[in-house]
Amino acid sequence: MSEWSLQKCASKTLNTEAQTCDALEQPSLVLVHHEPFEDGFANGEELTPAEEAAAKEASESKGVVKFGWIKGVLVRCMLNIWGVMLFIRMTWIVGQAGIAYSCIIVVMATVVTTITGCSTSAIATNGFVRGGGAYYLISRSLGPEFGGSIGLIFAFANAVAVAMYVVGFAETVVELLINSGALMLDEINDVRIIGTITVILLLGVSVAGMEWEAKAQIFLLFILVTAIFNYFIGTFIPVESKEKFGFFSYDAGILADNFGPDFRGETFFSVFSIFFPAATGILAGANISGDLADPQMAIPKGTLLAILITGLVYIGVAISAGACIVRDATGMESNVTLSGLNCTDAACKFGYDFTSCRPVEGGKSACKFGLYNDFQVMSVVSGFGPLITAGIFSATLSSALASLVSAPKVFQALCKDNIYPGIAVFGKGYGKNNEPLRGYFLTFGIALAFILIAELNIIAPIISNFFLASYALINFSVFHASLANSPGWRPSFKYYNMWVSLAGAILCCVVMFIINWWAALLTNVIVLSLYIYVSYKKPGEPDWTVRHSIKCGVGCSDGVVSSRPQCLVMTGAPNSRPALLHLVHAFTKNVGLMLCGHVRASSRRPNFKELNSDMLRYQRWLLNNSSKAFYTPVVAEDLRQGTQYLLQAAGLGRLRPNTLVLGFKNDWRIGDIKDVETYINLMHDAFDFQYGVVILRLREGLDISHIQGQGTVLYTEPLHQPVSFKQYVDVVVSVDMSKDSDGDSSKPSSKATSVQNKKRSPTLPLNVADQRLLDASQQFQQKQGKGTIDVWWLFDDGGLTLLIPYLIANKKKWKDCKIRVFIGGKINRIDHDRRAMATLLSKFRIDFSDITVLGDINTKPKSEGLTEFAQMIEPYKLKEDDMEQEAAEKLKSEEPWRITDNELELYRAKSNRQIRLNELLKEHSMTRKDAKSPGESQTMSWSSTEPRSQHTPPVTFIHEAH
């Protein structure tokens with residue numbers, strides 16, 4: 001059977017790690033993403049108080065200014081990447097490295113940033129992204145130790161970067177003042193004066209609000225793009241007056257002469273180290289993730305497109321400059337040659353001989369123009385020179401403004417997490433956009449201090465290494481999350497690879513040492529020191545994992561559900577209920593814990609020697625059958641007491657189960673009613689201990705111990721192989737299963753064990769029922785054909801309902817099965833509910849094949865179903881009308897499971913709903929289960945489960961923890 005149903009019971013979220021949320025009402029998944037249905041949720045019900053609070057919070061945030069992917073990410077990244085390097089260093093790089101090596105340098109830098117961009121996109125699309133940019137991404141991936149250390153130095157690096165860009169701007173202004181003879185004091189002091197005035201103006205723009213800052217960025221980008229076009233247009237316009245400066249427009253000879261390298265006092269890696277800081281602006285958009293309307297869409301699209309566009313422009317500038325401009329030029333008319341007899345340069349055919357000023361044997365060049373010597377040569381080439389100067393101003397000011405905004409945002413997120421003492425004061429936000437004004441002034445102070453130094457060569461290597469350390473950890477975060485195979489790691493951005501991310505992390509570390517080895521060492525020492533400090537302090541506020549899908553609850557401190565299914569499976573002997581073992585193994589293998597619980601009922605002192613022997617034997621059986629589980633037996637007076645022991649004591653530390661898995665009690669109608677009461681109480685005990693509950697029902701049953709010797713078959717076929725009964729008996733261990741006096745029928749007698757090693761044991765033919773039971777017990781072990789995993793999500797709640805089918809569908813045996821989602825709704829808004837649910841599932845990166853809205857879910861059930869239900873509960877009715885009131889009360893107190901007429905009337909609507917569900921579920925081969933209502937008898941509660949799950953394919957009831 002290839003069509004399975006996995007169901008949901010109640011509206012609480014399973015969260016064993018975010019314990020601070022236990023006492024709080026959980027918001028729904030829909031409200032987590034602020035996507036409520038019209039007048040309720042998937043089942044059309046009213047909002048809970050927590051949902052109303054979340055909806056109010058969502059409505060209040062409508063006035064906040066949010067940016068799209070163009071203005072919020074693309075523009076910022078392009079402005080940061082197109083720094084001053086584009087105009088005053090790119091041509092020098094071409095002169096040193098040649099066209100070929102320059103393109104290789106650009107490609108190498110682009111590869112590093114592209115890998116990091118893909119890793120950033122993967123993390124950003126793996127759930128909700130708050131403000132804090134790189135810090136938030138790393139801290140929620142690798143924990144507070146790495147996140148806290150990188151967050152601090154990343155914020156500091158952005159603050160110092162403001163000084164670097166402002167000083168670059170000030171130096172350009174000072175050069176203009178020198179050329180016009182208007183120097184105020186001297187070069188250094190003029191840089192300090194102009195830099196101080198500039199950073200004050202930039203602070204004013206930033207404090208005015210993100211909207212004004214975004215408008216300023218758009219204006220600066222317009223100037224920058226105009227300057228770039230101005231340069232490219234100028235390369236096609238040959239001007240005779242520019243030839244003495246080395247510009248001759250496009251020429252094959254110049255291109256050939258400049259194609260190879262001609263390093264003068266530099267090496268390939270030293271030139272690369274000078275260029276690479278130009279590519280370190282890819283996180284400019286992610287740094288303001290809290291101000292983006294849709295970070296999951298904006299960050300990948302804007303970042304990767306910015307890397308592509310800027311990379312192409314850098315390569316275009318390198319090729320065009322190398323094809324138009326010679327390496328050396330004097331700028332004097334006296335270098336015109338008429339004969340050209342002794343001239344071998346590319347400029348010779350144009351009548352110029354610049355060989356006289358070339359350096360000899362490593363000496364200094366006497367030429368003042370050309371690719372090597374004139375950092376402002378792009379102004380010479382351009383169609384209108386002042387536009388290049390405006391472009392330089394735009395590049396420096398825009399980068400400074402982006403850094404001035406990024407640093408406080410990252411620092412604010414760091415302050416909110418309270419990792420370092422004494423800095424929380426700078427995280428306070430003001431206004432509707434929660435602007436960190438104190439953070440702005442702190443950034444201003446740091447930037448001003450470095451502006452007064454006015455030495456870029458001292459601070460630039462440290463800044464580049466701080467950025468690269470962040471990139472390395474972002475790449476390592478993706479590798480770590482992918483390698484851990486966390487169920488919460490399911491980015492909607494698919495264009496990443498864990499090994500490529502690891503290679504990107506290694507590349508970033510290599511580049512750090514290539515740029516400046518001592519700065520790289522200093523960066524690593526700082527990161528390590530902060531890491532040790534945070535590890536020692538152990539902050540415990542947020543849940544530091546990226547494996548998240550749903551917020552913990554209203555008022556929780558940034559906690560998220562990172563819980564993976566850790567299952568306590570009540571199998572008894574592990575091989576007595578293989579279907580239960582195989583199904584749980586399907587969604588816990590490599591991602592969760594599985595404990596096989598076995599309660600051995602005994603009223604006398606247990607034989608610990610036999611108990612330990614059985615533990616070793618069954619654990620060996622699990623290992624031999626590739627089942628990643630632990631066998632955990634307990635001795636208790638009864639099943640409920642033993643289960644309570646397991647619920648309290650099973651596991652160790654965080655390797656503790658959070659979900660109780662049971663088999664459905666198929667014989668509840670013919671067995672002892674007290675056993676039914678005990679069985680139901682197991683679930684309530686699990687809820688009291690904050691466990692979720694999963695119940696598996698097969699029509700044929702689960703227990704095969706009577707077929708294979710009551711749990712003593714030690715077959716060695718691996719779990720992933722289909723096993724027939726004939727394969728079982730080929731390697732069976734024959735055991736005399738006479739019961740011991742402790743009442744445990746699944747434990748073999750120690751007196752009568754005979755092993756027939758590698759011999760076929762005599763077998764008897766199975767009856768039809770047992771053969772069907774045996775076949776059904778192995779169905780989850782086989783590869784599933786094309787089918788569906790159907791999720792009836794009738795109550796909008798936490799994530800376990802979707803998590804389990806997601807985990808199962810990702811397994812190889814289930815890869816051909818598609819997930820279908822069924823939700824309740826109203827006939828007049830079926831299309832709206834389907835679209836809303838599709839949007840919600842997409843945000844949670846859950847792949848689905850179809851969504852069905854059940855508009856007729858509240859229709860009255862058919863008479864056949866009502867009659868069948870009435871006949872089923874008839875033996876359990878109290879029938880108080882047929883006896884005296886005193887006798888009825890006495891019988892009810894002695895047998896509380898009896899169903900009264902009052903209960904029947906009180907829960908008639910609920911019963912009818914379940915009967916109607918059974919009709920719909922039979923139609924779609926599904927079923928589900930609700931929680932028992934307060935005051936409802938055990939029999940009344942359990943009897944409503946039977947009509948919903950009878951005559952259906954294998955079904956799993958899922959009830960998350962309270």
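The values are calculated or read from the model by the stated rules, or taken from the named source; none is laboratory data. Just so we're clear, the structure is a prediction, and the values are computed from it rather than from any experiment. All Cβ positions, glycine included, derive from the backbone under ideal geometry; neighbour counts span all protein chains shown. Please note that ligands, DNA and RNA were not included when accessible areas were found on the heavy atoms of the full protein model with its side chains. Shrake-Rupley method; radii C 1.70, N 1.55, O 1.52, S 1.80 Å.
Dividing the convex hull volume of the alpha-carbon atoms in segment 51-537 by its residue count gives 146 Å³ per residue.
Summed over the residues of segment 567-697 and divided among them, the accessible surface reaches 41 Å² per residue at a probe radius of 1.4 Å. Exceedance of the 21 Å cut-off in Cα-Cα distance is limited, within the set 416/843; 416/537; 786/843; 860/922; 665/890, to 416/843; 786/843; 665/890. Taking amide H positions as placed 1.01 Å from N in the peptide plane, with prolines and chain starts having none, which residues 5 or more places from residue 262, or on another chain, fall under 5 Å of its amide H? Correct list: 97, 98.
Classify segment 184-244 as rounded, prolate or oblate, taking a ≥ b ≥ c as the square roots of the eigenvalues of its Cα gyration tensor: rounded when a/c is under 1.5, otherwise prolate if a/b is larger than b/c and oblate if not.
oblate
What you get for segment 567-697, charging only the Cβ of Lys and Arg (+1) and of Asp and Glu (-1), is a dipole of about 460 debye around the Cα centre.
For segment 160-176, the Karplus equation 6.51 cos²θ - 1.76 cosθ + 1.60, evaluated at θ = phi - 60°, returns couplings of 5, 4, 4, 5, 4, 5, 5, 5, x, 5, 5, 5, 5, 5, 5, 4, 5 Hz by residue, with Gly and Pro reported as x. Amide H to amide H, with H built 1.01 Å from N, residue 630 comes under 5 Å of 594, 595, 596, counting only residues 5 or more places away or on other chains. Placing one identical point scatterer on every Cα of segment 567-697 and ignoring solvent, what is log10 I(q)/I(0) from the Debye formula at q = 0.12, 0.14 Å⁻¹? After summing over all Cα pairs, the log10 values are -0.45, -0.61. Between the alpha-carbon centres of segment 291-316 and segment 881-908 there is a gap of 70 Å. Surface composition of segment 51-537: carbon and sulfur make up 67 percent of the accessible area, probe 1.4 Å. With just the Cα atoms defining each centre, how far is segment 483-536 from segment 238-258? Give it in Å. Rounded to whole Å, the Cα centres lie 44 Å apart.
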